[in-house]
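Chemist: Submitted below is the structure of interest, expressed as structure tokens.
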Amino acid sequence: MAVVPVAVERSARMTALPWATTRPRVSAVVPTRDRPELLRAAVRALLDQDYPGELEVVVVYDRSEPDPTLTALSRPGRPVRVIENGRTPGLAGARNTGTLAATGEFIAFCDDDDEWLPGKLSAQVAALTTLPDAEFVSGGIRVSYDGHTVDRSLSRDRITLADLLRDRLTELHPSTFLFRAAVLRDGFGLVDEEIPGSYAEDYEFLLRAARRAPLVNLRTPLVLVRWHNRSYFTQRWDTISAALQWLLERYPEFGSQPAGAARVAGQIAFARAASGDRQGALRWARRTLRGNPREPRAYLALAVAGRVVRADAVLRTLHKRGRGI
């Protein structure tokens, strides 16, 4: 499969590109909760994209008061809509509320604390339009944490289900997702709202999409992703543990990838240790090491459970490198 270049022509020249003649309408779904300043920065970055087609921005307020003044940011061919989450409270329900309200042929996700980088949308629409069998495209990220910035991208053009079972591939961040709206109706469906606390809903969404067809990947950062202590999952260790156990049960395919299953078990072990459940941490660490004796998360979980190191110190060190547990 040919690599789709991310360096795209500016708007004035895009009409010369074959894919630009169709210019499919794109809907960007932005779930939000109590982040007004970051949200406005995210919306402006969407509106500033040089994509020559229509782009609607659907802001979905989840368990917070909507701000109708956001619609004033609308531009010609760039309407901003403000709605409330009418489904399950949480990120998954908010994403689905916006997706069902969207009118675009293509749908994109963007979190309210992230910003699309210039050229992101044009490059991804080109990928889906020039590859007619493609349904889903993602790309790399630029991680910003505590004054540090790290670029993370994958050096491959296709992502398979086996790839995702082996590794979460955190480069495939939900704010980089772009997919055909039709596949939600006739393909892999909406974001799953049964996941405890909506944690890892993006990973499950990727797994389900990859079950149907390989994902297209662009080998460059497309989105500025901010990692900070205001993340709604920063200290929700019990929710994280429950969601990851749900994921292992839902996807028996992990049985074909022992190292991948051990990775998830190691994350559960770390979450149990961080929540103060020493016995649970030890149990899951043993399960991790049976699957992969070299899985580092098991040893980090044991260190946290033994009070050798604090969980937040581990996370700060990883985040500065653009990585998570």
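Where a number appears in this text, it was derived from the coordinates with a stated rule and is not lab data. Everything numeric here is computed off the predicted structure, so don't read it as measured data. Using ideal geometry, Cβ is built from the backbone for each residue, glycine included, and neighbour counts are taken over all protein chains shown.
Chemist: Hey, in the GNM for the chain with a 10 angstrom Cα cutoff, which one of Thr69, Thr149, Thr220 fluctuates hardest?
Modeler: Highest fluctuation of the listed residues: Thr69.
Chemist: Could you work out how far the C-alpha centroid of the stretch 264-280 sits from that of the stretch 67-121, in angstrom?
Modeler: The stretch 264-280 and the stretch 67-121 have Cα centres separated by 35 Å.
Chemist: Which trypsin sites (Lys or Arg not before Pro) does the stretch 230-293 hold that lie in a coil by DSSP with at most 15 other beta carbons within 10 Å?
Modeler: Working: sites: Arg230, Arg236, Arg250, Arg263, Arg272, Arg278, Arg283, Arg286, Arg287, Arg290; in loops: Arg230, Arg236.
Here the trypsin sites (Lys or Arg not before Pro) that fit, given the DSSP loop and packing criteria, are Arg230.
Chemist: For helix 311-320, report the angle its Cα long axis makes with the longest principal axis of the Cα atoms of the chain; keep it between 0 and 90° and round to the nearest 10°.
Modeler: 40
Chemist: What's the longest piece of the chain with no exposed chymotrypsin sites (Phe, Trp or Tyr not before Pro), counting a site as exposed if DSSP puts it in a loop and it has at most 16 other beta carbons within 10 Å?
Modeler: Of all site-free stretches, the longest is 1-231.
Chemist: Between (i) 27, 47, 23, 3; (ii) 31, 50, 14, 4, 1; (iii) 32, 58, 10, 0, which entry matches P(r) over Cα pairs in 20 Å bins from 0, in percent as derived from the coordinates of this structure?
Modeler: (iii)
Chemist: Out of residues 5 or more away from Leu222 or on other chains, whose amide H comes under 5 Å of its own, with H placed 1.01 Å from N in the peptide plane?
Modeler: Gly140, Ile141, Arg142
Chemist: Taking Cα pairs under 8 Å and at least six residues apart, what relative contact order does the stretch 237-320 come out at, in percent? List each step's numbers first, then the result.
Modeler: Values: 112 pairs, mean separation 23.1, N = 84.
Normalised by residue count, the contact order of the stretch 237-320 is 28 percent.
Chemist: Something else about it: Counting alpha carbon pairs within less than 8 Å and at least 6 residues apart, what relative contact order, in whole percent, applies to the stretch 11-226?
Modeler: Reported relative contact order: 24 percent.
Chemist: Taking 7 Å along the Cα-to-C-beta vector as the label spot, tell me the Arg283-Arg63 distance in nanometres, rounded to one decimal.
Modeler: Label-label distance for Arg283 and Arg63, simple model: 2.7 nm.
Chemist: Could I ask something else about it? Whole-Hz Karplus ³J(HN,Hα) for the stretch 73-79, in order, using 6.51 cos²θ - 1.76 cosθ + 1.60 and θ = phi - 60°, x for Gly and Pro?
Modeler: 6, 4, 10, x, x, 9, x
Chemist: Under the Karplus relation 6.51 cos²θ - 1.76 cosθ + 1.60, θ = phi - 60°, what is the ordered set of whole-Hz ³J(HN,Hα) values for the stretch 243-253, x standing for Gly and Pro?
Modeler: 5, 5, 5, 4, 5, 4, 6, 6, 10, x, 4
Chemist: With everything on Cα atoms, drop me the angle between helix 36-47 and the longest principal axis of the chain, reported from 0 to 90° to the nearest 10.
Modeler: That helix lies at roughly 50 degrees to the long axis.
Chemist: Based on DSSP, what percent of beta bridges with both residues in the chain are antiparallel, to the nearest 5?
Modeler: Roughly 40 percent of the DSSP beta bridges within the chain come out antiparallel.
Chemist: Please get the size of the charge dipole for the stretch 237-320, origin at its Cα centre, with Cβ charges of +1 on Lys and Arg and -1 on Asp and Glu, quoted in debye to the nearest 20.
Modeler: 300
Chemist: In the stretch 160-275, with Lys and Arg counted as +1 and Asp and Glu as -1 at Cβ, which of these residues, Ala209, Leu169, Leu190, has the Cα nearest the positive end of the dipole, that is, farthest along it?
Modeler: Leu169
Chemist: Under a plain spin-label model, where a point goes 7 Å from the Cα along Cα-to-Cβ, how far apart in nm are Arg250 and Val183?
Modeler: The modelled label-to-label distance comes out at 1.7 nm.
Chemist: Within the stretch 57-154, list the trypsin sites (Lys or Arg not before Pro) lying in a DSSP loop whose Cβ has at most 14 other Cβ atoms in a 10 Å radius.
Modeler: Filter output for the stretch 57-154: Arg63.
Chemist: While we're on this one: Measure nothing fancy, just the Cα-based angle from helix 296-305's long axis to the longest principal axis of the chain, in degrees from 0 to 90, nearest 10.
Modeler: Long axis of 296-305 versus the principal axis of the chain: about 60 degrees.
Chemist: For the chain, with only Lys/Arg (+1) and Asp/Glu (-1) charged at the beta-carbon, what is the dipole magnitude about the Cα centre, in debye rounded to 20?
Modeler: 1100
Chemist: Can you give me the long-range amide H partners of His173? Hydrogens built in the peptide plane at 1.01 Å from N, cutoff under 5 Å, separation of 5 or more residues or another chain.
Modeler: It is Gly139, by chain and number.
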